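Trainee: Before anything else, here's the structure in question.
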Amino acid sequence: MSRTFADDLAADLANTFLNANEFGETVTFVPKHGPARSITVAVQYSGQSREQAHVEILEVLVARDEAATPGGIARPLVGDQIRRSATNDHDASRRPYTFSGEIIEDTPQAWMFRFG
């Protein structure tokens, strides 16, 4: 059976974008209603904006499947948080970044969220 384009996208997501040896970074995901757990995401620094309040904004690519390696988010809730490691955090404060409810991209394999 030949691979489909969707199969190739899913493989690229896991093997490249969410691979900690490539673009991925392990963060602590703290759901609003549930225990914290480690997941791997791809983080893009989106700058500081939020009505001139100088709030750091991150765009985060994450798998939709919680059971998949390297972990994912099945359904995001406003108030969910991520914490970056001190190595990857811009100001090394390890402060939580909170999901605002803004979904930038939504595909069958992955989400891209905005955290601030």
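The values are calculated or read from the model by the stated rules, or taken from the named source; none is laboratory data. What you see is a predicted model; the values in this text were computed from it and never measured. Neighbour counts run over all protein chains shown; Cβ positions are idealised from the backbone, glycine included.
Trainee: Taking R3 as meeting all but one of (1) in a loop (DSSP other than H, G, I, E, B); (2) at pLDDT below 70, write down the number of the exception.
Mentor: (2)
Trainee: Continuing with this model, one more query. May I ask you to list the residues in the stretch 30-45 that are under 15 Å from G72 (Cβ atoms) and of a type in the set (S, T, Y)?
Mentor: Within the stretch 30-45, S38, T40 meet the criteria.
Trainee: Restricting attention to strands (runs of 3 or more DSSP E) lying wholly within the stretch 19-116, give those where 1 or more residues are under 29 Å from T4 (Cα atoms), of a type in the set (G, A, S) and at pLDDT below 90.
Mentor: Here the list reads 37-49, 55-63, 110-115.
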